[in-house]
1. Taking Rh as the Kirkwood radius, which is the inverse of the mean 1/r over Cα pairs, what is the Rg/Rh value for segment 629-773?
2. For the residue pair H657 and E555, what label-to-label distance in nm results when each label sits 7 Å from Cα along the Cα-to-beta-carbon direction?
3. Any lysines with Cα under 29 Å of the K253 Cα? List them, leaving off those in the same chain fewer than 8 positions away.
4. Return, for the Cα atoms of the chain, the radius of gyration and Dmax in Å, separated by a comma.
5. Report the charge-dipole magnitude of the chain in Debye, nearest 20, computed about the Cα centre from +1 at each Lys and Arg Cβ and -1 at each Asp and Glu Cβ.
6. Given Cβ point charges of +1 (Lys, Arg) and -1 (Asp, Glu) and nothing else, what value in debye, to the nearest 20, does the dipole of segment 777-817 about its Cα centre take?
7. Return the FRET efficiency for the residue pair M671, R231: r is the Cβ-Cβ distance, R0 is 25 Å, and the value is rounded to the nearest 0.05.
8. Taking 0.36 nm per intervening residue step and subtracting the Cα-Cα distance, what contour gain separates E398 from D495 on full extension?
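Quick note: the coordinates plus some simple rules give every number you see, no bench work behind them. What you see is a predicted model; the values in this text were computed from it and never measured. Note that each Cβ is placed from the backbone with ideal geometry, even for glycine, and that neighbours are counted across all protein chains shown.
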Amino acid sequence: MAVATGTKLVYDFTEGSRDMRELLGGKGANVAEMTRVLGPDRVPAGFTITTEACVAYMEADREFPKGLEEQVEEALGRLEEAAGKRLGDASDPLLVSVRSGARESMPGMLDTVLNLGLNDDSVEGLARVTDNERFAWDSYRRFCQMFGNVCRGIAGERFEGLIKERKREAGVEQDVELGVDDLKALTESFKDLFREETGEEFPQEPRDQLRQAIRAVFDSWMGARAVEYRRINRIPDDWGTAVNVQQMVFGNKGDTSCSGVAFSRDEITGEPRPSGDFLPNAQGEDVVSGVRTPRDLHELESLMPEAYAQLMEILRELERHYADLQDTEFTVEEGRLYMLQTRNAKRPAQAAVRFAVDAVGEGLLDKADAIATIDAGRLDALLHPSFARDADYEVLAEGVAASPGAAKGAIVFTAQEAVAAAEQGRDVILVRPFTEADDVAGFHAAKGILTSEGGKASHAALVARGMGKPCVSGAGALEIDLHAKTVGADGVTLDEGDLIAIDGSAGVVTTDDVELEAPSVSDEFETVLRWADELRTLGVRANADAPEDAAKAREFGAEGIGLCRTEHMFIAVDRQPKMRAMIMAETAEDRRAALEELLPLQQGDFEGLFEEMKGLPVTIRLLDPPLHEFMPQAEEVVSDLERARIEQSGEEQELEHTLERIHSLAETNPMLGTRGVRLGILHPEIYEMQVRAILRAARAVRDRSGQAPHLEIMIPLVAYERELELMRDLVARVAREEEGAGERDLHVGTMIELPRACFVANRIAAQADFFSFGTNDLTQTALGFSRDDVEGRFLNRYIETKVVDRSPFETIDKPGVGWLVRLAAWTGREEKPELGLGICGEHGGDPDSIAFFQLAGLDYVSCSPYRVPIARVAAAQAAKAASSTS
Ligand code: PEP
Ligand code: MG
C-alpha cells in the first residue's frame, strides 16, 4: 500500500514522543521523549524517518516513497540550523549518524552508519576546527569502513585485514596507537578497496552518502539475519524499521571524551545501583564491538566527575519518567555529556524480580504495574539449574527446549540402567529416540532426558516437565542406536557411560563438562509471588501423580491438584506384572481378580496424595491411555520368543499368548482408539476398581487425620453426554457399595478434549460437576495434528511460512481451539451456572494462554508443579490486563 501524497514521513526529535513507537520505532520515539524530558541541549538534534516510509519502500520494490527525499532535505535544513553547521561544509562540517530503529529492539540485527558527511575536503576542515588531526582522520577512516561494509556489502574482514597490515607496518599493537599518517594511508587503502569492489569512487557528495545510508538501513530490515531474528522472536516482517539521523557528537576527541552504555540499575542482579561500561577516547561502536576492553562505569567518576554526576542524575530522572529500568547510551565530548538513546532494559529473571520489588518499595510503581514489568515465562530460570553464564562449550546438537533446566551425567539408554545407576549414586542422562510409559521410572532416576524425536508435547517433554527434570527432545542430528548402545552426531560416536550435558531451557546438547549454576529462589521472588496471589482471580493448581510431585506443587503454591494421571501409577516395576495379568485376563472374573491385587496399591497412592494435599481439591482422572501401552513391545516379545524356542525354555506358550494379545490390542490410530472413557465403557471393572481405591483412600485419610479430602473424579475423552452419564452411574454405584464415603463429598466431572464435547457442552454439563479442558488432546483433535510428531516434522516450516507463529501445543490457538474452549465454557455455564471450569493441558502453564483463559472465564489453570510460580505471576498479569480492557 503506497503512502498517500502529503503523508508526513519525517519527524524532528522535537516532534515525537514515546507513544509514537509504531511510527517512529523504539529508538526514534525514545530519543524524542528524552529530548522533551531532558531538554534539547542534552540530546543531539536529529530527525526520524518513519517505519511507514520503510514499508512503502519495500512494497515499491526498493523505491523511495514520493515526497521522502524532499522531507529529508527540509529536516536536514532544520538540523543544520539547530547545529549551526552544514553537512559537507569544508570548513566546519556537520556529521551525522544514520541508525535503524524498529518498533521492538533487534540488537545488532539492523545497520548503522556513523560519521556520515566526511569527504576528502571536510576531513581537513574537521581537523582544523577541532585542532585534532588524528581525530578527524580516525573519523574518516571509520566512515569509509562502515559505509563500504553497510551500504555496499564489502566484507568487514577486508577492512580489518588492512588495519592489521597497517599496524604491522607501523609496528604497533593497538588501533589507538596508529598515528595521523597511518590513518591517512589507511583511509586511502579503504577507498581503493571500495573502488576495487564496487567499480565506483568513494562517494564525496554528503547528500548522496545520506541517500545510500538510508537505503542501506531500509534494506537491512530484509537482510537474512534480521529475518531470522524476527522469526525466532515472532516480530512481524511488515513492521519495517525507522531511520534516525542524528548529529554526531564525539567520544573520540581525546582524554576528556568517552562513549559508554549505562543502566539505571544493575541489569544482571537488579541491585539499585547504576551499572555500565565506557571507553575513554572512543566512539560508541568500540564499546559494544568488544575490540577494546571497556572500563567499569564508576571509574568515570574520578576521570570526569562532573559528567559522571550529571549522568547519575539523568539515569534517576529517566527511570522515574519511564517507571522502568533504563538502558542508555551516552557520549562525553570534551567534558560535555550527551544522551544518545534510552530504552526499557531487557533483564534476566533475577533482575526483573528484584526491580519489581524495589520499585514498589520506592513508590515508583504499584504492585500490579510492578508485576507487569516481569516476563513471566523467563521466571523458569529461577527454578532450575542452568549452564553457568560464562560457560564455554561446543554444541553437539540442538533440539526442542522441552523442559527447562540443565543437567549432565553419563549416557544410559534404558530406564532400568538409569535406575541401577541412580541406586549407585551416579548421575545419568537417559538418552532414547523417544520415550514411553515404561520409561517413567528412568525419568525419576535420571538427571535429564534427551530424545532424538518428538517435540514440546511429546511423552518425554510432558513427563519431564511434570517432574521438573530437564529435557531436550527432537535433537534430530543424534543417531541413537539402542542395540549398539551408541549415539552418533557430527562425526562423533558416544558410548554408554560417556559424559553428556543438556540445557533444556535452550534445547542444547554438548559433550563438554559444563559447569552448572544452582537456582536461587530469593526473598524477592517470594514477595512477588505473594503479591501475585493478592491480585489474581484465576486459581492455580498443579498436575501431579505422586506424593513427591504434590509436595513440590504445594511448596510452589499450588491450590490443589488439577490433574492426577492415574496411568502413571501402573508403571512402577512391581505393578507391571499385575497390570499385564489384568490386561491378559480372558474373562471379566479373571480381570476382577487381577484388579483386586492392584486395588490396594492404587489406594496407597491416593492416600499419599490426599495426605499431601490436606483437604485441597484433588482431581483424579481415571485411566486414559489404551491398554496396549502397558504391554511389552512386540519386537521384544518376538526376540524373547525366538530365544525361548531355541533354548526350549518352556516359556514359548506364554510368550505366544502375550504376542497374540499385543496384536489383538494394537490399533492403527491408538490416539483415536480404545482409550479414555471408551475403556471405562468396554471394561467397567477397571474404573470400578479405581473409584473404589479412591473412596477407600479418602476414608482412610479422613479417619487418620480428621480431614476429609476434597475429591473430584474426572472422566477422560468424553464426546457424548451418555458416556458421562454411564460413568457417573458407575461412580454412584461404587460409592453406595463403599458406604461411608458418601456421594455428597464426591464431584464427578469430565475432561473436555474433543471438538464434539465443546459443541454439545450444554448437554454434557447436565451430567458434570466440572469441566477441565484437556487442551493437548483438544488441539490434537481440532487441528488433526499429532501431538507427538508435529514438532519434529512440519511445524518449523509452518512457522517459517507464517502458517502459524508458534506451536499450537505451546500457546493456545485462540481463534480456533480457543474458540472451542470459549464456546464450551459459555454453553456449559448456561446449562449449569455453578459448573466448575479449569484447564489442565500444557497451556495451563503458558503466560499468553493464561491471559486467554482469564478472558474465557475459567476458574483455574493447572500445570506442572515447576510452572506453578510462573502461572501465579501470569495470572496476576492477566487479571490486570482483563480489568484494563473491560
Ligand atoms: C490433555 O489432553 O490436555 C490432557 C491434559 O490430558 P493428556 O495430556 O494426559 O492426554
Ligand atoms: Mg488428554
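1. A ratio of 1.13.
2. Label at H657, label at E555, 4.5 nm between them.
3. Within reach: K27, K85, K164, K167, K184, K191.
4. Computed over the Cα atoms of the chain, radius of gyration and Dmax are 32.8, 104 Å.
5. Computed charge dipole of the chain: roughly 2280 debye.
6. On the way: 6 positive and 8 negative charges, 32 e Å.
With only Lys, Arg, Asp and Glu charged at Cβ, the dipole is about 160 debye.
7. Efficiency computed from Cβ-Cβ geometry: 0.25.
8. 33.0 nm
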